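The values are calculated or read from the model by the stated rules, or taken from the named source; none is laboratory data. In this text, all values refer to a predicted model and were calculated from it rather than measured experimentally. Here Cβ is always computed from backbone atoms with ideal geometry, including for glycine, and neighbour counts include all displayed protein chains.
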Amino acid sequence: MTVPLFDTATPLAGLRETILARIAEVVERGQFVLGPEVRAFEAELAAYLGAAYAVGVANGTDALTIAARALGVKAGDDVVVPSFTFYATAEAMASLGARPVFCDVDPQTRNITAETVRAALTPRTTAVVAVDLFGLPAPVSEIRQLGVPVIEDAAQAIGAWQGDRRAGTLGDVATFSFYPSKNLGAFGDGGAVVTDDAEIAERVSALRFHGSRDKQTFEMVGYNSRLDELQAAILRVLLPELDGWCDGRRAAADAYREAGLAEYVSLPQPPEGARPAWHLYVVTHPEPDRLLGALREAGVQARSYYRTPLHRQQAMLEFAPADLELPATEWLAATNLALPISPVLGQAQAAEVVAAIAAA
């Protein structure tokens, strides 16, 4: 059988009629921007996470940009970011005129740590972006003890837990993406900024609408970045399913281990006390490209991520010293391989993936 890297269709099959009905309600109402669906989704998302405020924006990159602005990041500041992550994490800081300062990650969890952040701090550092990479929560509480505000980039980790707190509530402010392949995916772009700080939430709300609180008076140069009503209505249908979907992803990760995957590749190691959301299940091997070819021949979809770390990307070279050494980042970039993962990946599919790797 073919094993897809993502299976976004199967979990949605039973929700199709409900989703279409909700879309029809929005069309009938005729209010498409910052209406009742967005307000309801913001309240429901905040309640789900255990946060005080959630503000919907157009996408995850805007969420990072606006969250940083609301936190006070400005041109000339330094912001510590991981190099082993998606480009938007650093791009959002650079777009503000801030300098992304790249730090290394832990090779087991793939996340930044207090130690790697400390090594990258400068006198101009005003924030740290901690990415919950692949659905594993970063050690945000330890990083916050360094005394620098933390933006938790939880785009890949909605539904994850660290101890008794959900991912997205660990930093001073958090950001989410609802890109269709995410654990909670819309039918297009969408994002949110989450915080317990009323002042930050108010600034985010103004910045997403051209820097205005009342649509009449413009206090800041802001953005036109709003989660639309159709996407909010869809996300309201999907949010109650999220915990069950994440349980399915955790069961899929367990199935890989039970099928003996660790005999052939190195598995990711969740931090102590964490319940990962497993947006991606990323292993490492000295010859990932050879395994990738063998998996594709066997009908198993897989891929490598972030082969060129951010500090080696052309657009980021002006921010990264030529002699910058991030050994764990370089190793992970060269050896990682993402295997199929979804809420409905069962034991038979996991065994098939492991058998293809064993054969290779």
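Structure values in brief
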| read-out | value |
| --- | --- |
| Selection count where residues are within 19 Å of the chain's Cα centre (by Cα), surrounded by fewer than 23 Cβ atoms within 10 Å (Cβ to Cβ) and either over 22 Å from residue 227 (Cα atoms) or not hydroxyl-bearing (Ser, Thr, Tyr) (or both), scope the stretch 78-87 | 1 |
| Single unsatisfied condition, residue 256 versus (1) under 27 Å from residue 164 (Cβ atoms); (2) out of contact with any helix residue (DSSP H, G or I) (no Cβ under 8 Å at 6 or more places or on another chain); (3) assigned to a helix (DSSP H, G or I) | (2) |
| Of the criteria (1) crowded, with 16+ Cβ neighbours inside 10 Å; (2) at negative phi, which one residue 217 fails | (1) |
| Search result, residues across the stretch 289-303 that are surrounded by fewer than 18 Cβ atoms within 10 Å (Cβ to Cβ), in a loop (DSSP other than H, G, I, E, B) and under 24 Å from the mean Cα position of the chain (by Cα) | 301 |
| Within the stretch 135-157, considering residues that are among the β-branched types (Val, Ile, Thr) and out of contact with any helix residue (DSSP H, G or I) (no Cβ under 7 Å at 6 or more places or on another chain), the one surrounded by the most Cβ atoms within 10 Å (Cβ to Cβ) | 140 |
| Checklist (1) under 18 Å from residue 54 (Cα atoms); (2) part of a strand (DSSP E or B) applied to residue 169, failing item | (2) |
| Among (1) assigned to a helix (DSSP H, G or I); (2) out of contact with any strand residue (DSSP E or B) (no Cβ under 8 Å at 6 or more places or on another chain); (3) of a type in the set (S, T, N, Q), the one test that residue 116 misses | (2) |
| Checking residue 166 against (1) farther than 20 Å from residue 320 by Cβ; (2) surrounded by 24 or more Cβ atoms within 10 Å (Cβ to Cβ), the condition it does not meet | (2) |
| Yes/no for residue 108 being in contact with a Pro (Cβ under 8 Å, 6 or more places away or on another chain) and surrounded by fewer than 24 Cβ atoms within 10 Å (Cβ to Cβ) | yes |
| Single unsatisfied condition, residue 189 versus (1) touching a Leu at 6+ places or on another chain (Cβ under 8 Å); (2) part of a loop (DSSP other than H, G, I, E, B) | (1) |
| Pairs, first farther than 20 Å from residue 133 by Cβ in the stretch 93-111, second part of a loop (DSSP other than H, G, I, E, B), C-beta under 6 Å, six or more apart | 96/73; 97/75; 98/73; 98/77 |
| Evaluation of residue 219 against (1) more than 23 Å from residue 49 (Cβ to Cβ); (2) modelled with pLDDT of 95 or more; (3) assigned by TED's automatic domain parsing to the domain that holds residue 18; (4) not hydrophobic (A, V, I, L, M, F, W, C) (one fails), failing number | (2) |
| Some residue of the stretch 152-161 being outside any strand (DSSP E or B), over 13 Å from the mean Cα position of the chain (by Cα) and not hydrophobic (A, V, I, L, M, F, W, C) | no |
| Long-range neighbours under 7 Å by Cβ, at least six apart or interchain, first residue within 14 Å of residue 14 (Cα to Cα) and in contact (Cβ under 8 Å) with a residue 24 or more places away in the chain within the stretch 232-244, second outside any helix (DSSP H, G or I) and aromatic (Phe, Trp, Tyr) | 234/187 |
| Top-ranked residue of the stretch 330-346 - restricted to ones that are polar (S, T, N, Q) and in contact with a strand residue (DSSP E or B) (Cβ under 8 Å, 6 or more places away or on another chain), ranked as nearest to residue 276 (Cα to Cα) | 336 |
| Residue check for residue 29: surrounded by 14 or more Cβ atoms within 10 Å (Cβ to Cβ) and farther than 30 Å from residue 347 by Cβ | no |
| Any hit, the stretch 270-288, residues being over 20 Å from the mean Cα position of the chain (by Cα) and in a helix (DSSP H, G or I) | yes |
| Residue check for residue 284: loosely packed, with under 15 Cβ neighbours inside 10 Å and in contact (Cβ under 8 Å) with a residue 24 or more places away in the chain | no |
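Conditions tested, residue by residue: (1) assigned by TED's automatic domain parsing to the domain that holds residue 152; (2) modelled with pLDDT under 95; (3) surrounded by fewer than 19 Cβ atoms within 10 Å (Cβ to Cβ); (4) among the hydrophobic types (A, V, I, L, M, F, W, C).
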position: 33; (1), (2), (3), (4): yes, yes, yes, yes
position: 38; (1), (2), (3), (4): yes, no, no, yes
position: 45; (1), (2), (3), (4): yes, no, no, yes
position: 50; (1), (2), (3), (4): yes, no, yes, no
position: 56; (1), (2), (3), (4): yes, no, no, no
position: 61; (1), (2), (3), (4): yes, no, no, no
position: 76; (1), (2), (3), (4): yes, no, yes, no
position: 89; (1), (2), (3), (4): yes, no, no, no
